[in-house]
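For reference, the structure is listed below as structure tokens.
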Amino acid sequence: MDAAPQRALEPEETDPRRAALREAGLRLWADTGWASVTAEAVCAATGLTPQDFAAEYTSRDELLADVFDEATNERAAVVLGAMEAAGGSLYARVHAVLTAVADVFAENPRQSAVMVQATGSPVLMARRRAATRGFASIIANELSRAPLPVEPHRLYAAAHFCLGGLAELILAWQDEGTPVDRDLLVEHGTRLLEACLTAR
């Protein structure tokens with residue numbers, strides 16, 4: 001399964017056992033690193049049995065991939081929805097996206113671990129690369145509808161650059177040791193991304 005974000009998402013998962021394992025996986029991943037997400041650990045965190053785990057997942061990697069995909073698809077839906085509702089100007093669309101993304105991470109700060117922590121896991125690294133390509137394509141394709149004086153391949157490269165910078169800006173917002181607050185993330189971040197996306 002390709003982890004690139006999709007425009008059409010599958011219906012929300014309704015199996016409470018699978019959802020509990022996935023939530024425990026996210027919590028462990030964010031709090032102690034993806035390597036701590038084992039069948040034993042998520043079973044201990046949920047009160048489920050190894051048999052319950054085996055009924056849902058064939059391996060720890062499959063659970064990690066599921067956690068990653070859920071978080072990625074949620075952000076993709078938010079980004080697309082914000083862009084489509086914002087109107088035609090670049091500023092409005094970028095501002096709407098950053099506002100919506102800030103809402104996602106304010107509601108569930110642990111998602112930032114999924115966004116950036118993949119080193120050491122071939123499964124997660126492959127998914128992260130695919131997701132980054134997918135988000136860059138979404139940004140480039142959506143913004144190319146506006147009359148931007150930027151060649152498509154440059155817009156795609158700028159989208160990749162912006163994604164890396166945005167990830168670090170979100171981490172800075174979550175770090176109490178920095179002066180980055182939500183307003184700086186959204187308002188100044190919009191100007192930074194706007195400048196980057198129109199650079200030639």
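The values are calculated or read from the model by the stated rules, or taken from the named source; none is laboratory data. This one's a predicted model, so the numbers in the text were calculated from it and none came from an experiment. Positions of Cβ are generated from backbone atoms using ideal geometry, with glycine treated the same way; all protein chains shown enter the neighbour counts.
For the reader, a short list of remarks on this structure follows.
- Scanning the stretch 42-60 for residues that are assigned to a helix (DSSP H, G or I) and either surrounded by fewer than 16 Cβ atoms within 10 Å (Cβ to Cβ) or in contact with a strand residue (DSSP E or B) (Cβ under 9 Å, 6 or more places away or on another chain) (or both) gives Ala44, Pro50, Gln51, Ala54, Ala55.
- Verdict on Pro149 being over 21 Å from Asp103 (Cα atoms), over 20 Å from the mean Cα position of the chain (by Cα) and not in a helix (DSSP H, G or I): yes
- The residue of the stretch 119-133 that is surrounded by the fewest Cβ atoms within 10 Å (Cβ to Cβ), among those that are closer than 15 Å to Arg75 by Cβ and of a type in the set (A, V, I, L, M), is Ala130.
- Qualifying residue in the stretch 27-39 (condition: of a type in the set (Lys, Arg), at pLDDT 95 or above and either over 18 Å from Ala136 (Cα atoms) or touching a helix residue (DSSP H, G or I) at 6+ places or on another chain (Cβ under 7 Å) (or both)): yes
- Whenever a residue of the stretch 120-135 is within 17 Å of Ser36 (Cα to Cα) and in contact (Cβ under 8 Å) with a residue 40 or more places away in the chain, its partners that are of a type in the set (A, V, I, L, M, F, W, C) and not in a helix (DSSP H, G or I), lying with C-beta atoms within less than 7 angstrom and at least six residues away or across chains, give the pairs Leu124/Ala118.
- The residues listed here are Arg154, Arg93, Arg145, Arg75; of these, the one that is at pLDDT below 95, crowded, with 18+ Cβ neighbours inside 10 Å and farther than 21 Å from Gly25 by Cβ is Arg93.
- Of all residues in the stretch 152-200, those that are without any contact (Cβ under 8 Å) to a residue 24 or more places away in the chain and either among the small types (Gly, Ala, Ser) or assigned to a loop (DSSP other than H, G, I, E, B) (or both) total 11.
- Within the stretch 157-174, being more than 14 Å from the chain's Cα centre (by Cα), buried (at least 19 other Cβ atoms within 10 Å of the Cβ) and not small (Gly, Ala, Ser) holds for one residue alone: Trp173.
- Note on the stretch 100-118: residues that are within 14 Å of Val67 (Cα to Cα) and either surrounded by 20 or more Cβ atoms within 10 Å (Cβ to Cβ) or in contact with a Pro (Cβ under 6 Å, 6 or more places away or on another chain) (or both) amount to 5.
- Taken residue by residue, the stretch 90-105 has at least one member that is more than 22 Å from Trp173 (Cα to Cα) and either more than 18 Å from the chain's Cα centre (by Cα) or β-branched (Val, Ile, Thr) (or both).
- Residue match in the stretch 64-87 (condition: in contact (Cβ under 8 Å) with a residue 12 or more places away in the chain and not in a helix (DSSP H, G or I)): no
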